[in-house]
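The values are calculated or read from the model by the stated rules, or taken from the named source; none is laboratory data. Nothing here was measured: the structure is a model prediction, and the numbers come from that model. Neighbour counts run over all protein chains shown; Cβ positions are idealised from the backbone, glycine included. Note: accessible area is taken over every heavy atom of the protein model, side chains too, but ligands, DNA and RNA are not part of it. Shrake-Rupley method; radii C 1.70, N 1.55, O 1.52, S 1.80 Å.
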Amino acid sequence: MRISMLVFLFIGDFFIQAGEPFKPYEISYIQGRLKAPTSYKAYIQSRVKKGFKDRIRREIYLSGTASGFSANSKSGKMILTGKSMGQLFNRLAIENKGNSVDFVLKSGEYILDQPLKPRQNQVLRGEGRVTLIPTLTLPAAIVLDGVDSVVISNFTIVGGGIGKCKTNGIMSVNDSTRVNISKVIIREVGACGILCKGSKSKYVLIEDCDIQNTGRAGIAMFDGVSNALITKNAVERTTTHGIIFANGGSFSEVSENIIKDTGLLPGGDFAHGVAFDSHGNLNTGEKNLIIKNKILNARTGGVEIADGQNHMYIIENYIEGSGRANQKREDQYGIYFGGALSQGYHCLIKGNTIKNSYWNGIRLAAPNVERPNKKSPLPKDKYGPTMHVDIIDNIISGSMRYGIELNWCRDVYIKGNRIETSKLADIGLIGNREKNIDMPCSKVLFKGNVLKSQTKLVKDLFEK
């Protein structure tokens, strides 16, 4: 890496202008977005309740004894017996397809030889302490396959151990909608704790779950899941990401979760606390809110927004200890916006507390225009800087590199931040000079920041 053209400034407020001053990007509907969680939750619950109350709900109680497994009505009348809980439940679910049914598993431990598969408009809940133990060959303990209006609650799921199976805790596939998962404990699964897939999957609520020791991510939304609310969960000790939206994802919220030690299990390397990634405009996403999460000890980034995720809001999160001293990766930061495959547009980063990031507190970047990229459908000449980012009222301390690093970006508003104990400088303005083009950061407005480190600002840097 070569660095040239260094200028050191020691003032608190400054304005760096390239061309005419720009107007900081106004987020016109942020107040409306902050109210969205209530509407999402109410919509999911009201749709489910409306469906349940339209017709008389049937309750079926399932239990297992030494002599076998049985299903009974609420009055105790025998309905059906089976050789296994999986066989018994799935037969009843199919027989009651299209009906409003509450399936209640009585207290006990149940070894599953096949996934439990609730159908549309069905509830699957535990009563007391109910533990589901899937065999090592199952894709998940509970599988939702193209269903609508399903509730799952009050279970403990224990897998066969990381490295010993590829089992998920709960898996939703083929565009399931209006799925409510709450009060589920998931441990020792070889794949994801909760996995949802499908570009038409919508209105997913994951609330008050506890997920630990997973062979992949804690909670994963793949292939464009939208209108999801992931709130008040605890995710700890994962091999990859804590909570991730991959291959797109829009109109969703990740709020009030505690995410700890992501990527710290054996085999972990690339692991963020919370990530939204569109993989280079293959599946773009937009208008997601990440608010009031506590993210501790992520192996790489605390929050990463990358490669075609636009109009994002990262607000009032507490992020500490991102990155590892034994790594030399650049993706070790508190918050990142931009991408190596595609630039990002429009982001509000406000009111976050970021401590002890191994690389940078906040980093903005965009693709190197001369980097070959077969994954992105954009022609090379379409690459440009990451643009229209507001970084406001954040508290950043203990960064091993810069408190805020601005790589190839433009139209950035930095206001009211407090930055201290940064090893290189509180703010670094860095470009990339390649064969045919300079890629500097430009049109950056600073206002009312408190910079406390020995070096306040390093600007006009070019790395190669």
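Among 310-322, 134-146, how do they line up from the highest to the lowest mean number of other beta-carbon atoms within 10 Å?
The densest-packed peptide leads the list: 310-322, 134-146.
Among the aspartates and glutamates, select those whose C-alpha is under 16 Å from the C-alpha of LYS443, and discard any that sit fewer than 8 residues away in the same chain.
The qualifying aspartates and glutamates are ASP13, GLU20, GLU26, ASP390, GLU405, ASP411, ASP460.
Taking a temperature of 25 °C and a viscosity of 0.890 mPa s, what whole-number D in µm²/s does Stokes-Einstein yield for the range 115-218 with Rh from Kirkwood over alpha carbon pairs?
The Stokes-Einstein estimate is 186 µm²/s.
Go through LEU424, VAL274, VAL225 and say which Cα lies farthest out towards the positive end of the charge dipole of the range 217-459; charges sit on Cβ, +1 for Lys and Arg, -1 for Asp and Glu.
Sorting the options by dipole projection puts first LEU424.
Note down the magnitude of the dipole of the range 217-459 about its Cα centre, charges +1 on Lys and Arg C-beta and -1 on Asp and Glu C-beta and zero elsewhere, to the nearest 20 debye.
Numbers: 30 positive and 24 negative charges, 119 e Å.
My answer is approximately 580 debye.
Dipole of the range 145-290, Cα-centred, from +1 at each Lys and Arg C-beta and -1 at each Asp and Glu C-beta, to the nearest 20 debye?
220 debye
Can you work out the accessible area per residue across the range 217-459, with the rest of the protein chains kept in place, probe 1.4 Å, in square angstrom?
In whole numbers, the range 217-459 has 33 Å² accessible per residue.
Straight distance only, please: which aspartates and glutamates reach the Cα of LYS232 with their own Cα at less than 16 Å, same-chain residues fewer than 8 apart left out?
Partners within reach: GLU207, ASP208, ASP210, GLU253, GLU256, GLU316.
Going down the list LYS164/LYS202; LYS292/LYS459; LYS202/LYS287; LYS260/LYS415; LYS164/LYS260, which pairs span over 25 Å between their C-alpha atoms? All intermediate terms of the calculation are to be shown ahead of the outcome.
Working: LYS164/LYS202 32 Å; LYS292/LYS459 32 Å; LYS202/LYS287 15 Å; LYS260/LYS415 29 Å; LYS164/LYS260 23 Å.
With Cα atoms farther than 25 Å apart: LYS164/LYS202; LYS292/LYS459; LYS260/LYS415.
What is the ratio of the Cα radius of gyration of the range 217-459 to 2.2 N^0.38 Å, with N the residue count, to two decimals?
Taking the Cα Rg and dividing by 2.2 N^0.38 Å, one obtains 0.92.
With label points built 7 Å along Cα→Cβ from the Cα atoms of LYS200 and THR81, find their separation and express it in nm.
Each label point is offset 7 Å from its Cα along the Cβ direction, giving 4.2 nm.
What number, in nm² with one decimal, is the all-direction average of the projected area of the convex hull of the alpha-carbon atoms of the range 181-243?
Values: hull surface 14.4 nm².
Its average projected convex-hull area is 3.6 nm².
If you rank SER63, SER75 by how much accessible surface each has, with a 1.4 Å probe, what is the order from largest down? Walk me through the numbers on the way to the answer.
Values: SER63 30, SER75 105 Å².
Reading off the accessible areas and sorting them downward yields SER75, SER63.
Where only protein heavy atoms count, and the probe is 1.4 Å, what is the accessible area per residue for the range 80-154 in Å²? Each step should come with its number before you reach the end.
Working: 3040 Å² over 75 residues.
Per-residue value: 41 Å².
Over the range 217-459, what is the relative contact order in percent, taking alpha-carbon pairs closer than 8 angstrom and at least six residues apart?
Contact order relative to length: 12 percent.
Could you please state how large a percent of the accessible area of the range 217-459 is carbon and sulfur, counting protein chains only and using a 1.4 Å probe? Write down the numbers at each step before the final one.
Working: 3850 of 8030 Å².
Result for the range 217-459: 48 percent of the exposed heavy-atom area is carbon or sulfur.
List the aspartates and glutamates whose alpha-carbon lies under 19 Å from that of LYS166, not counting same-chain residues fewer than 8 positions away?
Qualifying aspartates and glutamates at Cα under 19 Å: ASP113, ASP145, GLU188, GLU236, ASP269.
Within the set LYS97/LYS117; LYS97/LYS200; LYS294/LYS456; LYS197/LYS350; LYS117/LYS197, which residue pairs have Cα atoms separated by over 19 Å?
Long pairs (Cα-Cα over 19 Å): LYS97/LYS200; LYS294/LYS456; LYS197/LYS350.
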